[in-house]
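All remarks here apply to the structure that follows.
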Amino acid sequence: MYKCLTIALLSITISACNTTPDLISNDDCINNNWVDTGYNTAISGKSVRHFNSYIEQCGEKLADNAKATYIEGFKKGIQEYCTYENGYEVGSKSKLNSNTCPYELRTEFNKGYKVATIHLKEAKAKMDQLSEDMQEKKRVHARAEMAASMGNSK
């Protein structure tokens, strides 16, 4: 029970970190490479709406073409992010599926993510079973030693 609560709290904490806006300087509001910023946002699994944090930070200092070039980069990055392989990688690291992939790309990413989470659950079940087996062997060994020592004391 406590493991489940710990895992849930850890997941919430990690997902909260994922939504923390990137700080940007006033100079970057004007001179930033918005294509790269959009691309990097997408391949890190963040939503296209992450651009709103730049709007809030920069205000009127935001370059006129910032949003259009940001989206251009984001489109390239999201194509790379939303693959079966990346879904598997994200799932195998127990990261939260942030569902940032657009509908037309979501299926393959989700397949990879699901397969990875199944593999993780299977691996955890095997580890739990091995741990139980080791504990049982220790108990049997301890009983045998106790029985032997009691037999020697007669």
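Given a cut-off of 18 Å, name the pairs among K75/K95; K93/K121; K46/K95 whose C-alpha atoms lie farther apart than that in the structure shown.
Beyond 18 Å: K75/K95.
Can you sort H50, H119, H141 so the residue with the fewest Cβ neighbours within 10 Å comes first?
The most exposed by this proxy come first: H141, H119, H50.
So how much slack lies between A68 and S98, counting 0.36 nm per residue of separation and subtracting their Cα-Cα distance, in nm?
Taking 0.36 nm per residue and subtracting the Cα distance, the gain is 8.5 nm.
For labels at L120 and E56 in the simple 7 Å Cα→Cβ model, what's the distance in nm?
About 2.8 nm, to one decimal.
Tell me, in nm to one decimal, what length is gained between K111 and Q79 on full extension, where the rule is 0.36 nm per residue of separation less the Cα-Cα distance? Let's see the in-between values first.
On the way: separation 32, 0.36 × 32 = 11.52 nm, distance 1.56 nm.
Fully extending the segment from K111 to Q79 adds 10.0 nm.
Read the figures in this text as sums done on the coordinates, not as results from a lab. This structure is a prediction, so every number in the text was calculated from the model and none was measured. Every residue, glycine as well, gets a Cβ built from its backbone with ideal geometry; the counts of neighbours run over all protein chains shown.
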